[in-house]
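In what follows, a structure is listed as structure tokens, so that the remarks can point back to it.
The values are calculated or read from the model by the stated rules, or taken from the named source; none is laboratory data. Just so it is clear, the model here is predicted, and its values are computed rather than measured. Calculation scope for accessible area: heavy atoms of the full protein, side chains included, ligands and nucleic acids excluded. Shrake-Rupley method; radii C 1.70, N 1.55, O 1.52, S 1.80 Å.
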Amino acid sequence: MLFAAAKAAIGGPKTMLIARTDAPAVRGLGAAIDRAHAALDACAHITFVEAPPDMAAVEAIASRMPGHKMFKLATGGRSPALSFAALVERGFGLVVVPGLALMPRSAA
């Protein structure tokens with residue numbers, strides 16, 4: 001219901017709603033995937049299952065989630081570090097790299 005209201009309020013084809021769930025850390029991967037499916041059913045455009053802890057979880061998200069998927073590629077994060085090509089092969093069309101703009105400065 002929340003996504004439908006947000007979609008109606010925003011309107012227009014240039015805005016996409018991302019549904020994020022942190023459920024893997026608290027309720028497990030199955031619950032996270034269920035929540036992501038519910039968000040798609042409620043008008044979300046992109047799903048983001050936060051912090052899959054290993055490759056088996058990444059593969060499960062890739063194979064069980066239809067549509068657009070997002071992956072956070074965080075240096076030192078909980079999720080496996082994969083190449084952009086490997087993520088695209090698994091259907092992740094949106095990859096965010098938090099802190100990327102800070103890396104050149106911190107390396108100096």
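The long axis of helix 29-41 is offset from the longest Cα principal axis of the chain by roughly 50 degrees. The accessible surface of the chain, taken with every protein chain in place and a 1.4 Å probe, is 62 percent carbon and sulfur.
Between the Cα long axis of helix 55-64 and the first principal axis of the chain there is an angle of about 30°, rounded to the nearest 10. Note on the range 57-79 and the range 29-46: Cα centroid distance 13 Å, given to the nearest whole angstrom.
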